[in-house]
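Data block below; observations after.
The values are calculated or read from the model by the stated rules, or taken from the named source; none is laboratory data. Given the structure is predicted, the values throughout are model-derived calculations rather than measurements. Neighbour counts run over all protein chains shown; Cβ positions are idealised from the backbone, glycine included.
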Amino acid sequence: MTIEHYIGFDVHKKSISFCIKRADGSIFDEGRFRATRHEIKGWVGRQTASWHGAMEATLFSGWIYDEMKPYAARLDMGNPSMMKAISAAKKKNDRLDARKIADLVRCDLLPKCYVGPREIRELRRMLRYRNAMVGHAVQIKCRMSGLLMESGAEYNGKQLHRKQYFSDLMEGLEEVPASVKELLQMSPGDAGDVREDATTVGGAVERGAAIEEAGGTVTDDRRVGEITSLTWALEMMDPRRFSSIGDALSYCGLTSALNVSADKAQRGPLSKQRNGHLQTVLIEAAKVAPRWNAQLAEVHEKELSRGHKNQATLEVARKLVAYLLAVDKSGRPFELRKPVQQPAEEVLAVG
């Protein structure tokens with residue numbers, strides 16, 4: 001299909017500015033319409049020529065992309081961190097931004113970012129919300145523990161979230177101020193509701209049939225937990241878009257920023273250009289993974305011997321990424337090819 005028009009969209013929460021250009025760079029039409037589904041369908045319905053459009057990736061550009069995609073010959077999403085031509089301009093407004101995006105599309109210079117299937121993105125949204133609810137429940141539990149410690153009450157922190165234990169605890173609190181009791185009575189209900197909602201959302205994500213399209217079947221063959229497996233599958237989506245382990249590590253936020261100038265290379269802290277949700281889950285998994293995997297324990301001990309605990313956790317997280325990416329690309333269950341070497345004293349003891 002021959003593309004006749006190249007369209008740049010500057011999307012906002014309430015409005016969308018557009019600029020339609022021909023192949024020679026001349027403006028065919030430009031304007032603005034409201035960012036509602038009714039207005040979007042009306043606007044794309046009036047376009048008679050085949051068009052190639054693009055917009056910058058933002059918090060609310062996903063649903064706009066989904067509404068326009070069926071009507072476009074081609075529709076792309078631009079990486080905001082690489083679209084410096086817009087943010088560095090001396091004069092900036094919505095109309096000029098739409099023009100520049102149209103020029104990037106027309107000249108094939110748009111820094112595209114990957115847009116996964118709609119079903120996968122919906123499951124990913126549910127899993128992220130579930131993780132947020134679990135974090136909120138943990139915060140409530142910590143605040144309850146703080147209130148009890150401030151008042152000098154004795155309690156079992158591991159059973160504090162259980163309703164029966166909490167009811168018995170409240171009945172036994174005698175010297176605790178009345179204001180603390182009122183606050184404690186408010187907290188457990190909220191924590192319980194959040195925990196039940198999180199369990200429901202997690203079950204819905206696990207039952208999602210589209211997970212297999214995200215990059216492999218989520219099974220125990222990966223030797224990681226269910227939440228880690230789900231997070232990996234839904235955040236990575238298509239693992240084939242990463243040509244190397246280094247690219248995957250960079251996406252997961254497990255590599256430091258690199259600044260090279262005049263043959264001088266300088267490493268900084270971990271880069272902020274990463275998938276923050278995946279980074280958090282991988283680091284949390286790396287803290288407990290050495291307990292269950294001898295090879296990961298060997299990696300952890302090797303780095304820990306150098307005297308840096310956080311660096312040891314990062315090395316384990318990087319090794320997890322290598323394992324998960326290998327399983328996804330090969331389509332085969334996880335297996336150790338290199339046996340873990342036992343220390344000499346343990347070998348003699350066994351002999």
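Structure notes:
- Out of E56, E39, sole residue that is surrounded by 19 or more Cβ atoms within 10 Å (Cβ to Cβ) and of a type outside the set (S, T, N, Q): E56
- Condition check for T48: modelled with pLDDT under 95 and either outside the structural domain of D94 (by TED's automatic domain parsing) or of a type in the set (S, T, N, Q) (or both): yes
Yes/no matrix, rows are residues, columns are (1) of a type in the set (A, V, I, L, M); (2) under 30 Å from the mean Cα position of the chain (by Cα); (3) assigned by TED's automatic domain parsing to the domain that holds D24; (4) not in a helix (DSSP H, G or I):
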site	(1), (2), (3), (4)
E122	no, yes, no, no
R130	no, yes, no, no
L148	yes, no, no, no
Q164	no, no, no, no
S167	no, no, no, no
S179	no, no, no, no
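- Residue count, the stretch 35-62 (criterion: out of contact with any strand residue (DSSP E or B) (no Cβ under 6 Å at 6 or more places or on another chain), outside any loop (DSSP other than H, G, I, E, B) and without any contact (Cβ under 8 Å) to a residue 24 or more places away in the chain): 2
- Scope the stretch 68-80; condition surrounded by 15 or more Cβ atoms within 10 Å (Cβ to Cβ) and out of contact with any strand residue (DSSP E or B) (no Cβ under 8 Å at 6 or more places or on another chain); matching residues: Y71
- Residue match in the stretch 27-42 (condition: within 24 Å of T2 (Cα to Cα) and in contact with a Phe, Trp or Tyr (Cβ under 6 Å, 6 or more places away or on another chain)): no
- Among the residues examined, V224 qualifies as buried (at least 19 other Cβ atoms within 10 Å of the Cβ), at pLDDT 65 or above and within 18 Å of L324 (Cβ to Cβ).
- Number of the exception - V134 against (1) part of a loop (DSSP other than H, G, I, E, B); (2) in contact with a Lys or Arg (Cβ under 9 Å, 6 or more places away or on another chain); (3) surrounded by 14 or more Cβ atoms within 10 Å (Cβ to Cβ): (1)
- Taken across the stretch 116-137, residues that are among the small types (G, A, S) and over 30 Å from D247 (Cα atoms) do occur, with at least one present.
- Matching option when the condition is in the same structural domain as V321 (by TED's automatic domain parsing) and assigned to a helix (DSSP H, G or I), among A257, A265, A248: A248
- All conditions but one from (1) modelled with pLDDT of 85 or more; (2) among the polar types (S, T, N, Q); (3) surrounded by 11 or more Cβ atoms within 10 Å (Cβ to Cβ); (4) more than 19 Å from F242 (Cβ to Cβ) apply to Q342; the one that does not is (1).
- Enumeration of residues in the stretch 81-124 that are surrounded by 14 or more Cβ atoms within 10 Å (Cβ to Cβ) and without any contact (Cβ under 8 Å) to a residue 24 or more places away in the chain: A85, L96, E122
- Condition met for K158 (buried (at least 16 other Cβ atoms within 10 Å of the Cβ), modelled with pLDDT under 85 and not aliphatic (A, V, I, L, M)): no
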